[in-house]
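Structure first, commentary second.
The values are calculated or read from the model by the stated rules, or taken from the named source; none is laboratory data. For clarity, every value in this text was computed on a predicted model and none was experimentally measured. Cβ placement follows ideal geometry from the backbone for every residue including glycine, while neighbour counts extend to all protein chains displayed.
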Amino acid sequence: MTPVATFAFALVLFLTGHPLSAADSVPLQTGPHRDVTIKPVGDGVSEIAVSGVSPHFWTAPVPLEFDPANHTVVAFEYFSPSGVESISVRYRQSDGSMTLGGSAPLPLAETWQPFSIDLSKGKPAPPKGDAAMRFHFAMNYNPKASLRIRNFEVRAPNPAERAAAADREARTARRQADADAYLAYLRTGYPNEITDIIVGLETIVLRGRATVAGVLREVQAHIASHGISEADTPAEVAPGDFEITLPRFAGEGKKDRALSRWRLEEKSGRFLSLARWPDQVLSGVATGLPRLSAPHQKGLGGVPAIGKGDHEIFELGIRHATVNFIVSSLVSASPRPGFEPFILEGREWFFNAGYLRQTEATVEHLCAKEIIVSCILLVGNGVEHPMTHPEAERRGIYSIPNLAVAEGAAHYRAALHLLGDRFTSPATRISNWIIHNEIDQAGVWTNMGDQPLARYLETYMRSARLVHHTMRLRDPYARVFVSLTHHWSKQSSGSGTYRVRDMVDLFAEMSRAEGDFEWGLAYHPYPRDLRNPDTWNDTEVTGDFETPYITPKNLEVLPAYLAQERFLYLGKTQRAILFSEQGFNTPTLSEEDQRRQVAGLIYTFRKLKAMPTVEAYHLHRYQDMPDREGGLRLGIIDEHGNRKLGWDAYAVIGTEAEAPFVTIADEIMKSRKSP
């Protein structure tokens, strides 16, 4: 899980009155806090400013008048010339656990503005009658953040909020109905079947069998698999085995239909088969690139921009690396400063030349060192952009791609086309495409609003398929990977989260139903507690498939799970795994804490030797960034550029020179072994 620099802030408020009656509201007061400055400025107003690297705030115990069934809104008024990216509210349960009540942006406000968060989405609800119950407030870190706040309370919703809640219930019902319709489509036994789709230079060949007559229809990228096709009918199908040859490129713009699905239907539109994606790209369509392999799994995640071939990261002996692309920053439908034109399917687009060329230079230097490059594809959120999904909530750092409308899909396809053209040559080759980030934490990292799992994964699957088929038209061994956190059978708290094992199961079912393809998992097995590098002591970790978490302590669970027949690619090949982001924190820069980081690395690589389907271990990260990662120091050099002991250990892992670090690791694990 990519750590987010999230800090708490403190509020001191003297209430000046409430818009609701006393029975409908309960005042809140501050409790323990640190690393903030709080200055009352009169008239019940306080000014709050971040003053340290780890500010946090708890309310005082909430008065017993608090009724969670009635008081479902935390609210205040605020004045802030700078604004805050987002604020989250959590509350303590009677057993001491924390529940996320909700998150929302707090935009710039140069006049007093209302702010509220609806707690009713938090599950479970706050405890009633608990004298120790408290609220906790957190905001995305901004060292210059300054707020003035008044009228701080938890209250009943007002009429406008009740109306919004009612609309939310209707929206939730619509989304669930759509998810149910998709699952019904996926699990229906249809009379007809498309068995093979083969893409050539100029044609697409479809084969299958039909028991009833029908028509063949194209399902384009912006249409859900269970949605109604908008394309013309290209061919009729009679009962029996069939083979249909179609032009690959269609229309005035020569649209590439190798990126579409195909389905058999009655002329009325009733489905006669599942939709199917292309299965095979004929030799001669893609370039003659070889399948890449490396002699070991050692890699580095989120590498810095590399402008020359003697960058210090090459001293580490890595053979794997990841780079990031925010694809929504890559293309534009209209001219912009620094953007250059290109043509796709008869339409002029514009690409961010500086952004693209900087990454090209980095990838070129990595490839020159025979390093296998993986790319994480991200879509921006928080700004109006055709590629941002219309249902994405602004609390998410990134969005799922907008595959809900044709224009959004066109932008996404244009970006993928550009990446495919630039990064499928031997000199600048990206082999592995990681589809977005930590999709089980969708609320933060791949936001689409709160969705049923099936509806969310249906959109995610289309994104993965578009990447896979775009790259396979150029690179015969390009692959996509599903990005997941270290959660497994235990769902993370808060809204917009899913259980990882459920996601893997359903994704595999969806893949098989519409034509299996070569996907893998990009898993993030951090220690159970990101701040504690002593992963050999991890709790809530078991060696079976019911384990709540998969961490370095039980890495072997993941390849064992994927070894089940239902996950094998085409029934014979085990899915590849990238441990694409994980690392070990040094709580301080003391020698002892640096030795603990070394122990975590040695402990993990001992296990990796017995896991051939784990192709890479991308260490997160290269350099400490405690100000951006909540105080975590996961790097192997500190924020000032000084190499930590972890650097020396990582450089020699897998060689004879690792022996002194193995001794250090054994000493640390023995001395810090939990009883």
*Count of region 500-526 residues which are surrounded by fewer than 19 Cβ atoms within 10 Å (Cβ to Cβ) and more than 20 Å from LEU186 (Cα to Cα)*: 0
*Could you identify the single residue in TYR549, TYR603, TYR622 that is aromatic (Phe, Trp, Tyr), under 23 Å from ILE435 (Cα atoms) and at pLDDT 95 or above?*
TYR549
*Write out, first by first residue and then by second, each pair whose Cβ atoms fall under 6 Å of each other, whose residues are 6+ apart or on separate chains, and whose first residue, in region 327-348, is of a type in the set (Asp, Glu) while the second is modelled with pLDDT under 95 and buried (at least 18 other Cβ atoms within 10 Å of the Cβ).*
GLU345/LYS255
_Which listed residue is at pLDDT below 80, over 24 Å from the mean Cα position of the chain (by Cα), among the acidic types (Asp, Glu) and in a helix (DSSP H, G or I), from GLU110, GLU161, GLU169_ = GLU161
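Tell me, which helices (runs of 4 or more DSSP H) wholly within region 434-541 include 3 or more residues that are within 30 Å of VAL199 (Cα to Cα)? Steps first, answer last, please.
On the way: elements: 442-445, 453-472, 500-513.
Per the criteria, 453-472, 500-513.
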*Any chance you could count how many residues in region 191-230 are buried (at least 16 other Cβ atoms within 10 Å of the Cβ), in contact (Cβ under 8 Å) with a residue 24 or more places away in the chain and not in a strand (DSSP E or B)?*
9
_What pairs come out if I take residues in region 580-597 that are free of Cβ contacts under 8 Å to residues at least 40 places away in the same chain and closer than 24 Å to ASN324 by Cβ and pair them with residues that are of a type in the set (A, V, I, L, M) and part of a helix (DSSP H, G or I) whose C-beta lies under 6 Å away, six or more apart or interchain?_
none
_Criterion first (buried (at least 23 other Cβ atoms within 10 Å of the Cβ), in contact with a strand residue (DSSP E or B) (Cβ under 7 Å, 6 or more places away or on another chain), on the phi < 0 side of the Ramachandran plot and at pLDDT below 95) does ASN432 satisfy it?_
no
_Under 6 Å between Cβ atoms, which residue pairs at least 6 apart in sequence (or on different chains) link something in region 529-557 that is more than 19 Å from SER489 (Cβ to Cβ) with a partner that is assigned to a helix (DSSP H, G or I) and aromatic (Phe, Trp, Tyr)?_
TRP536/TYR603
*asked:* Among the listed residues LEU589, LEU601, identify the single one that is of a type in the set (A, V, I, L, M, F, W, C), in a loop (DSSP other than H, G, I, E, B) and not assigned by TED's automatic domain parsing to the domain that holds VAL482.
replied: LEU589
*What are the pairs, 6+ residues apart or on separate chains, where a residue within region 454-477 that is touching a residue at least 12 places away in the same chain (Cβ under 8 Å) has its Cβ under 7 Å from a residue that is charged (D, E, K, R) and part of a helix (DSSP H, G or I)?*
ARG455/ARG175; ARG455/ASP178; LEU466/ARG413
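Please indicate, with yes or no, whether at least one residue in region 168-177 is within 15 Å of SER116 (Cα to Cα) and basic (Lys, Arg). Give the steps one after another, and end with the answer.
Kept after step one, since they are within 15 Å of SER116 (Cα to Cα), are these residues of region 168-177: none.
No, region 168-177 contains no residue that is within 15 Å of SER116 (Cα to Cα) and basic (Lys, Arg).
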*Of these, ASP593, ASP627, which one is among the acidic types (Asp, Glu), touching a Ser or Thr at 6+ places or on another chain (Cβ under 8 Å) and over 22 Å from GLU656 (Cβ atoms)?*
ASP593
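Pick out, from region 265-355, the strands (runs of 3 or more DSSP E) lying fully within it that include 1 or more residues that are of a type in the set (S, T, N, Q) and within 26 Å of the chain's Cα centre (by Cα).
Working: elements: 298-300, 320-326, 339-344, 347-352.
Strands (runs of 3 or more DSSP E) meeting the threshold: 320-326, 347-352.
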*asked:* Could you check region 635-656 and list, in sequence order, the residues that are in contact with a His (Cβ under 7 Å, 6 or more places away or on another chain) and either modelled with pLDDT of 95 or more or not in a loop (DSSP other than H, G, I, E, B) (or both)?
replied: none
*Tell me, which residue of region 113-146 that is farther than 14 Å from THR59 by Cβ, modelled with pLDDT of 80 or more and in contact with a Leu (Cβ under 8 Å, 6 or more places away or on another chain) is surrounded by the fewest Cβ atoms within 10 Å (Cβ to Cβ)?*
GLY129
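Condition test on SER273, is it surrounded by fewer than 17 Cβ atoms within 10 Å (Cβ to Cβ) and touching a residue at least 60 places away in the same chain (Cβ under 8 Å)? Before the answer, list the steps.
Working: surrounded by fewer than 17 Cβ atoms within 10 Å (Cβ to Cβ): no; touching a residue at least 60 places away in the same chain (Cβ under 8 Å): yes.
Spelling it out, it is not the case that SER273 is surrounded by fewer than 17 Cβ atoms within 10 Å (Cβ to Cβ) and touching a residue at least 60 places away in the same chain (Cβ under 8 Å).
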*Sort out which residues of region 163-190 are under 23 Å from VAL237 (Cβ atoms) and surrounded by 14 or more Cβ atoms within 10 Å (Cβ to Cβ), and write them in order of number.*
TYR185, LEU186, TYR190
*Would you pick out the residues in region 386-409 that are in a helix (DSSP H, G or I) and surrounded by fewer than 23 Cβ atoms within 10 Å (Cβ to Cβ)?*
ALA406, GLU407, GLY408
*Is at least one residue of region 452-473 at pLDDT below 95 and either within 25 Å of PHE249 (Cα to Cα) or not acidic (Asp, Glu) (or both)?*
no
*Go through region 605-652 and give me each residue that's of a type outside the set (D, E, K, R), in contact (Cβ under 8 Å) with a residue 40 or more places away in the chain and over 18 Å from GLU312 (Cβ atoms).*
PHE605, LEU608, ALA610, MET611, THR613, VAL614, ALA616, TYR617, PRO626, GLY630, GLY631, LEU632
*over 22 Å from the mean Cα position of the chain (by Cα), more than 30 Å from GLN93 (Cβ to Cβ), surrounded by fewer than 21 Cβ atoms within 10 Å (Cβ to Cβ) and of a type in the set (Ser, Thr, Tyr), is that true of THR542?*
no
*Specify which of the listed residues (SER268, SER332) is among the hydroxyl-bearing types (Ser, Thr, Tyr) and closer than 25 Å to ARG413 by Cβ.*
SER332
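Each row is one residue, and each column tells you yes or no for (1) modelled with pLDDT under 95; (2) outside the structural domain of GLY515 (by TED's automatic domain parsing).
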{"residue": "ALA275", "(1), (2)": "no, yes"}
{"residue": "ALA286", "(1), (2)": "yes, yes"}
{"residue": "PRO295", "(1), (2)": "no, yes"}
{"residue": "LYS308", "(1), (2)": "yes, yes"}
{"residue": "ALA321", "(1), (2)": "no, no"}
{"residue": "ILE326", "(1), (2)": "no, no"}
{"residue": "LEU330", "(1), (2)": "no, no"}
{"residue": "PRO337", "(1), (2)": "no, no"}
